[in-house]
Amino acid sequence: MARFLILDERDNVAVAVEPAKAGDQTVLSNGKTLKVNHEIPFAHKIAIKALKKGDKVIKYGEVIGEATAEISPGDHVHIQNIRSLRG
């Protein structure tokens, strides 16, 4: 069973359906595996592609934020490394 859901094929993040620990090898809903770099709580995001500072963060196929730092695949994507562009 996938531990992270990719909600749209355009997304560069996936959402945790259960918590993950740093070092875990996890399965994405597209069948690919990914190493988790940081602890990721339930319902939080994980990067599935590398993002540079200023890149758009895409979830649901829509831009939800902008990277404020470089983000590697497997990194926890949250307020420490993105700025919201919603609302």
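Screening the range 57-81 for residues that are hydrophobic (A, V, I, L, M, F, W, C) and without any contact (Cβ under 8 Å) to a residue 40 or more places away in the chain and picking the one that is surrounded by the fewest Cβ atoms within 10 Å (Cβ to Cβ) gives Ile79. Go through (1) outside any loop (DSSP other than H, G, I, E, B); (2) within 11 Å of the chain's Cα centre (by Cα); (3) not basic (Lys, Arg) and name the single condition Ile64 misses. Of (1) outside any loop (DSSP other than H, G, I, E, B); (2) within 11 Å of the chain's Cα centre (by Cα); (3) not basic (Lys, Arg), only one is false for Ile64: (2). Of the residues examined, Ala22 is not one that is at pLDDT 95 or above, within 12 Å of His76 (Cβ to Cβ) and in a strand (DSSP E or B). Restricting to the range 62-86, what's the tally of residues that are under 14 Å from Asn12 (Cβ atoms) and charged (D, E, K, R)? Result for the range 62-86: 4.
Number of residues in the range 55-80 that are within 17 Å of Leu34 (Cβ to Cβ) and not charged (D, E, K, R) equals 9. Selection of the range 23-55 for residues being over 11 Å from the mean Cα position of the chain (by Cα), aliphatic (A, V, I, L, M) and within 17 Å of Ala69 (Cβ to Cβ) yields an empty set.
Within the range 26-35, one or more residues are over 20 Å from Ile82 (Cα atoms), assigned to a loop (DSSP other than H, G, I, E, B) and among the hydroxyl-bearing types (Ser, Thr, Tyr).
On the given criteria, is Ala14 surrounded by 12 or more Cβ atoms within 10 Å (Cβ to Cβ), aliphatic (A, V, I, L, M) and in a loop (DSSP other than H, G, I, E, B)? The answer is no for Ala14.
Note on the range 25-46: residues that are out of contact with any Leu (no Cβ under 9 Å at 6 or more places or on another chain) and either buried (at least 20 other Cβ atoms within 10 Å of the Cβ) or not hydrophobic (A, V, I, L, M, F, W, C) (or both) total 13.
The values are calculated or read from the model by the stated rules, or taken from the named source; none is laboratory data. For clarity, every value in this text was computed on a predicted model and none was experimentally measured. Quick reminder, even Gly has a Cβ in these numbers, built from the backbone with ideal geometry, and neighbours come from all protein chains shown.
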